[in-house]
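J.: Okay, here's the structure, questions in a sec.
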Amino acid sequence: MKLQQRLPLPLPVSCGFRSSAHLPHTLQGIAEAKLGCEEFVAKLLDRRWTLPSPDTRIQQIVSAPKRIEEEDGLLKDKSWFNIPNPLLGDKITDKSGPDSSFYVIRDDLLHPLINGNKARKLDAVLPLLEDHSVTDVVTCGGCQSAHAAAVAVSCAERGLRSHLLLRGEQPDILTGYNLISTMYGNVKYVPRSVYANREETLKTHASSVAGGNGCVLSLSDILEAPLTEQIVSSSHPISTSMDDQRSLGNFSRKVVIMNEGAGDSIALLGVIRLVHHLSQSHLLGKEKAMKFVVDAGTGTTAVGLGLGAIYFGLPWKITAVMLADTLDNYRERERRLISDFKRHFRFDLDHALREIDRGAVHWVERYHPRKFGNVIKGEVEVCQEITRQTGILVDPVYTLAAWELASLLSEKEARGDAEVVMLHTGGTLGMFGLAQRYKSYFQMLKDR
């Protein structure tokens, strides 16, 4: 497949990159012209991507009208049926039947190891790093972080070095995403007390990776390069030319810090690209009301869906199930991401900005709130039933939360005007780590 035109953004001369004088004319036009939302985003998306195509499978889940709900509220004894190739576009269900249903965006099938929202968030990032001759990437996450594993695999596939700071202690048995991270990247385990100050920890480790002859950058530094003259870490000033740095005898490391969960504004582009793809007339279209459901770790994917819906004028409501933080913190992260996006990509269309400022995402609690990462008794069996009946693997920490809400909304919308759509965020290799942590829960699968 032919790659789209490359639109690299410049980096400061001090780090060995091109100056803003060489900013491509097309990007200058984006910053200066008063374009319509769709035209603006279309130009913004005219770049090189990690995924060769934004395409993804869409399946429809139909549930039986009879619902047997136990006292604990879990979706036990509920019957599911997967329609692997449903009617889409103008032929989306008219809801004349007795059963409720919702659609699942199967992003868990994008890549054997880098799937779900991890692939989407890295979609625009990796080409940017390649365009600017980055040599090393430093990021962080939990012991079973799907994000850390995705970064490790993506970097290794492109000849970059990844350095992963994982929270907690090294497990006795490496498995799941922890094993993948160890195989593909350079892993360092960080005590929880130190990890609590992860921003400073990332900077310190990046500086050690860069050494005395390298430079340390964040993704924001790269995107803001035309707006500043000096963004290199003060502890690693670089003044050599690009030719000097690329010479074998005087090579300098260029180390980029990536936030936990790829929670950076450029990560939104890959999700917006997905929205653009799904809004085509032969898929979900632009006219029909949609209620999107997504589980939220950092919340970056939900914000990307919300921005895409607003930019393209879609009647889509984005609902995110909060898993790892408080409502106030998710809203603050949403405001920060949107502010960074507007600043980094020079978006200044007033009518869209007013709508964005009112909020792009509806944040809700999980049906059974709990401390992040915890599993409630019975949820593993629910995941097993869903998987057996539909062929879709969900995990009790992330995707089961979205499935629960999608199921509930689909029942409420059984005679309504809106369709319910769940974005499968992948992450199912994390089940291997959960099987170690919750041995008694997974033992029940053998005893059933």
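The values are calculated or read from the model by the stated rules, or taken from the named source; none is laboratory data. Since we're looking at a predicted model, the values are computed, not measured. Note that we place each Cβ from the backbone using ideal geometry, even for glycine, and neighbour counts take in every protein chain shown. For the accessible areas, the whole protein counts, side chains as well, though only heavy atoms, and no ligand, DNA or RNA atoms are used. Shrake-Rupley method; radii C 1.70, N 1.55, O 1.52, S 1.80 Å.
J.: Could you check how many residues of the stretch 299-313 are modelled with pLDDT under 95 and touching a Gly at 6+ places or on another chain (Cβ under 8 Å)?
T.: 0
J.: Now for a different question. Scan (1) of a type in the set (G, A, S); (2) open to solvent by less than 50 Å² (accessible area, probe 1.4 Å); (3) closer than 22 Å to N115 by Cα for the single condition G391 breaks and write down its number.
T.: Status for G391: all satisfied but (2).
J.: Hey, does the stretch 374-384 have a residue that's open to solvent by less than 50 Å² (accessible area, probe 1.4 Å), in a helix (DSSP H, G or I) and modelled with pLDDT of 95 or more?
T.: No: the stretch 374-384 contains no residue that is open to solvent by less than 50 Å² (accessible area, probe 1.4 Å), in a helix (DSSP H, G or I) and modelled with pLDDT of 95 or more.
J.: Further question: For the stretch 255-275, what are the residues that are within 16 Å of R198 (Cβ to Cβ) and of a type outside the set (A, V, I, L, M, F, W, C)?
T.: Hits for the stretch 255-275 are N259, E260, G261, G263, D264.
J.: Does A360 meet the test of being touching a helix residue (DSSP H, G or I) at 6+ places or on another chain (Cβ under 6 Å) and either in a helix (DSSP H, G or I) or open to solvent by less than 20 Å² (accessible area, probe 1.4 Å) (or both)?
T.: When the stated conditions are applied, A360 passes them.
J.: Are there any pairs, at least 6 apart or on different chains, whose C-beta atoms fall under 6 Å, with the first in the stretch 194-215 and in contact (Cβ under 8 Å) with a residue 12 or more places away in the chain and closer than 15 Å to T139 by Cβ and the second open to solvent by 70 Å² or more (accessible area, probe 1.4 Å) and part of a helix (DSSP H, G or I), and if so, which?
T.: none
A quick yes/no check of all residues on (1) more than 30 Å from A414 (Cα to Cα); (2) buried (at least 22 other Cβ atoms within 10 Å of the Cβ); (3) aliphatic (A, V, I, L, M); (4) modelled with pLDDT of 95 or more:
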residue: S100; (1), (2), (3), (4): no, yes, no, no
residue: K118; (1), (2), (3), (4): yes, yes, no, yes
residue: S154; (1), (2), (3), (4): yes, yes, no, yes
residue: P171; (1), (2), (3), (4): yes, no, no, no
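J.: Give the residue that is modelled with the highest pLDDT, with candidates limited to residues of the stretch 65-95 that are loosely packed, with under 11 Cβ neighbours inside 10 Å and under 24 Å from L278 (Cα atoms).
T.: So the residue we want is N85.
J.: Moving to a separate point now. When you scan the stretch 415-431, do you find a residue that is in a strand (DSSP E or B), open to solvent by less than 10 Å² (accessible area, probe 1.4 Å) and closer than 18 Å to K118 by Cβ, even just one?
T.: Yes, that holds for at least one residue.
J.: Now for a separate question. Residue by residue through the stretch 159-180, note down the ones that are among the charged types (D, E, K, R) and touching a helix residue (DSSP H, G or I) at 6+ places or on another chain (Cβ under 6 Å).
T.: Result: R167, single match.
J.: Within the stretch 253-285, track down each residue that is open to solvent by 10 Å² or more (accessible area, probe 1.4 Å) and of a type in the set (S, T, Y).
T.: S281
J.: Could you tell me which residue of the stretch 139-152 is surrounded by the fewest Cβ atoms within 10 Å (Cβ to Cβ), considering only residues that are of a type in the set (G, A, S) and part of a loop (DSSP other than H, G, I, E, B)?
T.: Step by step, filter the stretch 139-152, then rank; the result is G142.
J.: Could you list, in sequence order, all residues of the stretch 172-193 that are over 14 Å from L429 (Cβ atoms) and not polar (S, T, N, Q)?
T.: Within the stretch 172-193, D172, I173, G185, V187, K188, Y189, V190, P191, R192 meet the criteria.
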